[in-house]
Amino acid sequence: MDQSEASTGSLVGRDEEFVVARRFLRQAAVNGGSLLISGEPGVGKTALLDAVAEAAAEAGTRVLRAAGVEFEADISYSGLNQLLFPLYDAFDELAPAHREALQVALGFGAGQPPDRLLVSNAVLLLLRSMAAAGPLLLIVDDLPWLDRASSAVLGFVARRLVGTSVGFLGASRSHTPSFFEHGGIPALDLQPLRPDAAGELINQRFPELAPAVRRRLLSEARGNPLALLELPTALTGAQRLAAASLPTVLPLPRRLQALFASRVSRLPESCRRLLLLGALDGTGELGVLLAAAGEYDLDDLQPAERDQLVRVHGNTRRFTFRHPLTESAVVEVASSSDLRWAHSALARTLVAHPERRAWHLGEATVGPDEQVATLLEQAAHRILRRGDAVGAVASLTRSAELSPDPIERSRRLGQAAYIGADAGGELVNASQLLDDARRASQGDSLYATAAAVHLLLNGDGDVRTAHRLLVGAIESGNHGYDAEDQSLIDAMLTLLLLCYFSGEPRMWEPFFAALDRLTPEAPELLTVAAGTFGDPARTGQAAVRRLDALVGGMGDEIDPTQIVWIGVASIYLDRLPDCREVDWRVVRLGRDGAAPARRHLGALLHLCFADIHTGRWDEAIELADEGLRLCREHGFRFFMWYFQYVQALLAAARGDADASRALTDRMLSFAAPRRARAAEFLAYHAEGLNDLACGDSESAYETLSLLSPAGTIAPYVPHALWGCLDLVEAALRTNRFTEAAAHAAAIKEANLGALSSRLALLSAAASAYVAPDDQVEDAFEAALMLPDVERWPFDLARVRLAYGERLRRNKATAKSRAQLRAALVAFERLGAQPWVERASKELRATGLVKPRSVTRPAVLTPQEREIAKLAGSGLTNKQIGEKLFLSHRTVGTHLYQIFPKLGITSRAALRDALAALTDAEDGDSQLGQLPDQ
Ligand SMILES: Nc1ncnc2c1ncn2[C@@H]1O[C@H](COP(=O)(O)OP(=O)(O)OP(=O)(O)O)[C@@H](O)[C@H]1O
Ligand SMILES: [Mg+2]
């Protein structure tokens, strides 16, 4: 113990972790191996890496380090370059093919575009040969921010080190998406410090704190070292001594971000500008910083150094941010003109680095500029030669965007579309591709661009690039905005989806601009969908009647495309249950191979959504499985998150918290690098519900606020509508009465209730949740009296539960029981276990013993009941299957589960058992009179 304590240096409370790390070091030095450290922001991953690096060096291991940088452009292999640069001289020891691949990849030489596998093998061989001279340790911090190419290579290498004397130690924030494939690598999950260690750390650094302040900080920081060290610095001297009262500090760690922003804002402008240069450059080279800084110099950095935000290492001519959150904050607080200033200063400085320079120029330029466009195009070709098609498309589309000449613009877009379309497949021969791309001219057709968009999305491309590409193609097309031009309308519909995926209001601007220009006028469907799918809280109401007309007129519709698009327009106005029949038509066509897979997917998803809200949960789960299978079979990777959401939401609702969490984690890691914020929003909703189900209302509140902050319905985040009541509930459960009331008011203000009967229920309930005691009954009764509330069983049952809880607290026991019982019956039918338990507990608290018995007969789900009824009436499994659009095998499985639930063993007994069941349920209404058993 003594020894490890000595070696953890200034680390507090990390003895156990350090023992694990040292064991890893010893093993890696003789037999290789990898270890990943994960943990929340500021928990001490980097600090632990530092301590390990020091221990390794002391033990005679050579240490190579690199770290991902959040704001750097995704320049391929920049991370690997950082890591392997010190070994440059040893490249000569590699066989020529490997040497050349490595040199080209790392930007030291020109040549054939290197194959990623060749680069990976070259790295592995290089490391092995270096390790002959003594053990080697690679340390890579902040893996999620490492460029894609380096991540892939290091993921490959890290899994093949056993048997060498090379170790790989990586660190990443938990639940942060990354391109680094970590499956199979042992992980060390760094937990917050234990209370005694947290106390010790705060005593060491801030001995002067008054006991009350110390207690408060310890409780707010929850063992997070960063918070422990940072929070006191935001207090005034008087506050630290408890002579002045403490501000209402917000919970951690998400709130830390704001703290960093305020510390940055306090710095003098010259200092902030230097920091901005540093953050955007991302290399930490003081030379670059000072060269770009113009009138500013090192002295201007001093306030940040004094404030412990950055560290300047004079001897190595480098500077580092003490924490990545500072970097985020620096960029966050910068104005757009500051950003442009910094990018152009860096572009002027980085003449020797054409790619980085082009990227900075692209970001610094506002209007059309042929010179910058040319540089970006050249950079794109260089990037492509390194084998990074996605990066090349990004650079080319920015180049097109800045092109003053429309012909040049469409030529560049054509190239981007062409390369993008190919990026979905294997990139066999980059130079061939380049030649073809050069020949592709005139912007290609809109269809080719739309195809490229889909390929990009289903590959590694991001939504913003796809959006840029399609906007470019629409704006430079020679369609004259003719509303009859089907390729234009299709492209507009695809653009509508991209805008939605992006989750960013400003992405909608070009869509609406193009919509306005359509002549003689935009097709009805497009206009309606724009109103209901973009920002329904603000524009949905105006489209309600027109949407109803579209949905109502769909009876004989057979065109899958039309059906699915009307479905898209229906989602947030809860009209999907009215589309079930036509959606099933598309699904059957799809199953027969007679409808395109994408339409089949769309219809499946719409059925899932309808099923979730109308309580057909078993069917939703089956259909989501079918959707995921289809995505896999047809390579529609991008659409998987839809179905994962369905599964995550229902797993949460049914109490399978782990499964739900695993699915939302997967959605989030997919979404972030692709900037698909819509997928994040869906994940937040499911995660929030999961937290509520687990009773973790604090997390629920934090997560649901990311979907839409309390007090506003986030613009262009239609999914905010689906989480609105959950947020009010989470706020109330965490005693945030002001926030709850603010959100209920926002819901009312936005008149969400006018959009659908479901939203009417949710909005009325939101008002009831926050109503004062003397109005609460009227408010809840008003909500329950609304038309069609029975269509939405889960929502309704939750409102009843909340009502029952309030009534019980107000001592209206009999009324409370009635609500709670009705809620319990509904939850049991749905299989919503966490809520079954909550309702049962509440019922017990009203003094009812064994409340569950009242619902004993109600064991069948709605779908099971339907199947049982049909089977009881004499239909075969096949006939039932055809009626309900299920396979006969599925019907069989259901019956197999239904028989024991009803206590019967044959079909013949079904009819009687069902009749008995109905009688028993009728008896439910005689409250409290059923015998317990
Ligand atoms: N056990 C510890 N004892 C003392 N100081 C610590 C300890 N752990 C972390 N710190 C300090 O807390 C701050 C945050 O730690 P660190 O930067 O290592 O967090 P991190 O997990 O790498 O965060 P991020 O995810 O943001 O990279 C640093 O100033 C670090 O020196
Ligand atoms: Mg770190």
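Every number here is computed from the coordinates shown, using simple stated rules; none is lab data. A quick note: this is a predicted structure, and the numbers were derived from the prediction, not measured. No Cβ is skipped: glycine too gets one built from the backbone with ideal geometry, and neighbour counts run over all protein chains shown.
Starting at the first residue of the stretch 492-508, write each ³J(HN,Hα) from the Karplus equation 6.51 cos²θ - 1.76 cosθ + 1.60 with θ = phi - 60°, in whole Hz, x for Gly and Pro.
5, 5, 5, 5, 4, 5, 4, 4, 4, 4, 5, x, 10, x, 5, 5, 6
Residues with amide H under 5 Å of Ile139's amide H, sequence separation 5 or more or different chain, H placed in the peptide plane at 1.01 Å from N; which?
For Ile139, whose amide H was placed from the backbone, the distant partners under 5 Å are Leu64, Arg65, Ala66, Leu169.
Cα axis of helix 324-333 to longest principal axis of the chain: angle in degrees, 0 to 90, nearest 10?
Helix 324-333 sits at roughly 80 degrees to that axis.
With label points built 7 Å along Cα→Cβ from the Cα atoms of Glu557 and Thr738, find their separation and express it in nm.
Taking the two extended label points, one gets 4.7 nm.
What is the calculated FRET efficiency for His479 to Asp15, with r their C-beta to C-beta distance and R₀ = 60 Å, to the nearest 0.05? Intermediate values should be presented prior to the final figure.
On the way: r = 69 Å, r/R0 = 1.14.
Computed FRET efficiency for His479 and Asp15 comes out at 0.30.
Applying a 10 Å radius around every beta-carbon, put 909-917, 34-42 in order of their mean neighbour count, most first.
Top of the packing list down: 34-42, 909-917.
Between Arg666 and Glu509, with labels modelled 7 Å along Cα→Cβ, what's the label distance in nm to one decimal, could you check?
Placing both labels 7 Å along Cα→Cβ, they lie 3.8 nm apart.
Hey, what angle do you get for helix 15-31 against the long axis of the chain, alpha-carbon based, 0 to 90 degrees rounded to 10?
Long axis of 15-31 versus the principal axis of the chain: about 60 degrees.
Against the globular-protein guess of 2.2 N^0.38 Å, express the Cα radius of gyration of the stretch 263-349 as a ratio, rounded to two decimals. Show your work: numbers first, answer last.
Numbers: Rg = 11.4 Å, N = 87, 2.2 N^0.38 = 12.0 Å.
Ratio of Cα Rg to 2.2 N^0.38 Å: 0.95.
Work out, in µm²/s and without decimals, the Stokes-Einstein translational diffusion coefficient of the stretch 862-924 at 10 °C, 1.306 mPa s, Rh from Kirkwood over C-alpha pairs.
On the way: Rh = 11.7 Å.
The Stokes-Einstein estimate is 136 µm²/s.
Would you grab the residues whose amide H sits under 5 Å from the one on Ile37? Only those 5+ places off in sequence or on another chain, please, with H modelled 1.01 Å from N.
Residues meeting the criterion, in which the H sits 1.01 Å from N, are Gly170, Ala171, Ser172, Leu188.
If we count GluC sites (Glu not before Pro) as exposed when they sit in a DSSP loop and have at most 13 other beta carbons within 10 Å, what is the longest stretch of the chain that avoids them all?
Details: sites that count: Glu208, Glu295, Glu426, Glu484, Glu521.
Value returned for the longest uninterrupted segment is 522-933.
At 7 Å along the Cα-to-beta-carbon direction for both Arg588 and Cys694, put a label point, then send me their distance in nm to one decimal.
In this crude spin-label approximation the distance works out to 4.3 nm.
Could you name the lysines in cross-link range of Lys883, using Cα to Cα under 21 Å and dropping any fewer than eight places away on the same chain?
Cross-link targets: Lys869.
Given the stretch 623-685, report the % of alpha carbon pairs whose separation exceeds 13 Å. Write down the numbers at each step before the final one.
Working: 1121 of 1953 pairs.
In whole percent, the share of Cα-Cα pairs in the stretch 623-685 beyond 13 Å is 57.
Which ³J(HN,Hα) values, rounded to whole Hz and listed in residue order, are derived for the stretch 477-490 from phi using the Karplus coefficients 6.51, -1.76 and 1.60 in 6.51 cos²θ - 1.76 cosθ + 1.60 with θ = phi - 60°, glycine and proline given as x?
x, 9, 8, x, 6, 6, 5, 8, 6, 4, 5, 5, 5, 4
Would you kindly give the portion of the calculated P(r) for the stretch 2-189 that falls above 24 Å, as a percent of all Cα pairs?
Values: 6227 of 17578 pairs.
The answer is 35 percent, as a whole percent.
Any number yet on Rg/Rh for the chain, C-alpha, Kirkwood?
Details: Rg = 30.4 Å, Rh = 30.8 Å.
We get a ratio of 0.99 for the chain.
Evaluate the relative contact order of the chain (contact order divided by residue number), counting alpha-carbon pairs under 8 angstrom at least 6 apart; express in whole percent. Each step should come with its number before you reach the end.
Values: 1510 pairs, mean separation 59.5, N = 933.
Reported as a whole number, the value is 6 percent.
Quick check on the chain: of the DSSP beta bridges with both residues there, what percent are antiparallel, nearest 5%? Don't jump to the answer; show the numbers that get you there.
On the way: 5 of 27 bridges.
Approximately 20 percent, going by the DSSP bridge assignments.
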